[in-house]
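Reading through the structure tokens given below for one structure.
The values are calculated or read from the model by the stated rules, or taken from the named source; none is laboratory data. Everything numeric in this text was worked out from a predicted model, so none of it was measured. Glycine gets a Cβ as well: all are built from the backbone with ideal geometry, and neighbour counts include every protein chain shown. When the accessible area is computed, the model is the full protein with side chains, heavy atoms only, and any ligands, DNA or RNA have been set aside. Shrake-Rupley method; radii C 1.70, N 1.55, O 1.52, S 1.80 Å.
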Amino acid sequence: MKMIDGNMKDFVRELGSSAPVPGGGGASALVAALAVSLGTMVANLTTGKKKYVQYQEEIEKSIEKGEKLAEELAEYMDKDAECFLPLSKAYGLPKDTPEQIEERSQVLEKLLKNASETPLELMKKIVESMELLDRLSIIGSNLAISDVGVGIQFAKAALNGASLNVFINTNLMKNKEVAFDMNQKADELLKKGNDIADRVYCVVMEKVKP
């Protein structure tokens, strides 16, 4: 059963336990899914309103895209566990002989790369959701615009959180060229996403603050 289909109370309990998963990656994926769902809610509250009739077609597309993104982001709750569990187990591989040490090193290098790629992919999806929230801050109903602000703050936290899962793994990789490339991609996504998040938050704040 997928984590998103499980009991939220159980997820929170497991998250707080000493179990290797779920962890920060799974939590970031959940928060990201919640973020874009808030945007979808605003779009649903806007659709059909006469005041926003000029955006009706775009609003309908936003609902469709938001629902799809929420499903894709939620899937990373399990994808994170699938890439981290083997890594956590690999640290227990024997290292009593030179052969074992070499084999352990090769296994860890491969798993560290996998464990870096997954949160990097998650970051790309989060930035997509931020772009959707960005547009909804303009065309969404002002009666629900605060939820776009909440969503963008969630998305920002999820993006920054996912980046930490990239960096903690690339930092341990021996192939520094691959690690550098992945770090650079993560840095670019951080810059783009945080710029969007800060701009959207200011837009929403101007609309809601007296």
message: If I model a spin label at ARG13 and MET1 as a point 7 Å from the Cα along the Cα→Cβ vector, what separation in nanometres do I get?
response: 1.2
task: Using every Cα-Cα pair within the chain, state what percent have a distance larger than 23 Å.
output: 51
field: FRET efficiency, 1/(1 + (r/R0)^6) with R0 30 Å, evaluated for LEU85 and ASN194 via beta carbons
entry: 0.50
- line: Ranked output for segments 171-181, 112-122, 24-34 by mean other Cβ atoms within 10 Å, highest leading, reads 24-34, 112-122, 171-181
task: Starting from the Cα of LYS113, draw a straight line to each of the lysines and keep only those under 16 Å, dropping any in the same chain fewer than 8 residues away.
output: LYS79, LYS89, LYS174, LYS176, LYS185
message: What whole-number volume per residue, in cubic angstrom, does the convex hull of the C-alpha atoms of the range 49-160 give?
response: 90
- prompt: Ordered by residue, what ³J(HN,Hα) values in Hz, to whole numbers, does the range 180-190 give under the Karplus form 6.51 cos²θ - 1.76 cosθ + 1.60, where θ = phi - 60° and Gly and Pro are x?
  reply: 4, 4, 5, 4, 5, 5, 5, 4, 5, 5, 4
On Cα atoms only, tilt of 98-139 relative to the major axis of the chain in degrees: 0
task: State, to one decimal in nm, how far the label point of ILE139 lies from the label point of GLU103, with both points 7 Å from Cα in the Cβ direction.
output: 5.7
field: Most to least accessible of PHE167, PHE11 (protein chains only, probe 1.4 Å)
entry: PHE167, PHE11
query: Among 53-60, 137-144, how do they line up from the highest to the lowest mean number of other beta-carbon atoms within 10 Å?
result: 137-144, 53-60
task: Could you tally the net charge around LEU189, taking each other residue with its Cβ under 14 Å from the Cβ of LEU189, Lys/Arg +1 and Asp/Glu -1?
output: -2
message: Rounded to the nearest 10 Å², what accessible area does ASP5 have for a 1.4 Å probe in the complete protein model?
response: 100
- line: Lys and Arg at +1, Asp and Glu at -1: neighbours of GLU67 with Cβ under 14 Å from its Cβ sum to -2
field: Check: the range 39-155 dipole with +1 on Lys, Arg Cβ and -1 on Asp, Glu Cβ, in debye
entry: 480
statement: Residue by residue through the range 7-16, the couplings from Karplus 6.51 cos²θ - 1.76 cosθ + 1.60 with θ = phi - 60°, in Hz, x for Gly and Pro, are 7, 5, 4, 5, 4, 5, 5, 5, 4, x
task: Place a +1 charge on the Cβ of each Lys and Arg in the chain and a -1 charge on the Cβ of each Asp and Glu, then give the dipole magnitude about the Cα centre in debye, rounded to the nearest 20.
output: 640
statement: Set LYS9/LYS209; LYS2/LYS207; LYS110/LYS156; LYS49/LYS125, cut-off 32 Å on Cα-Cα distance; pairs above it are LYS9/LYS209; LYS2/LYS207
statement: Other residues with Cβ under 12 Å from the Cβ of ASN44 give, with Lys and Arg +1 and Asp and Glu -1, a net charge of -3
query: Could you give me the ³J(HN,Hα) list for the range 18-24, computed from phi with Karplus coefficients 6.51, -1.76, 1.60 and θ = phi - 60°, whole Hz, x at Gly and Pro?
result: 8, 4, x, 9, x, x, x
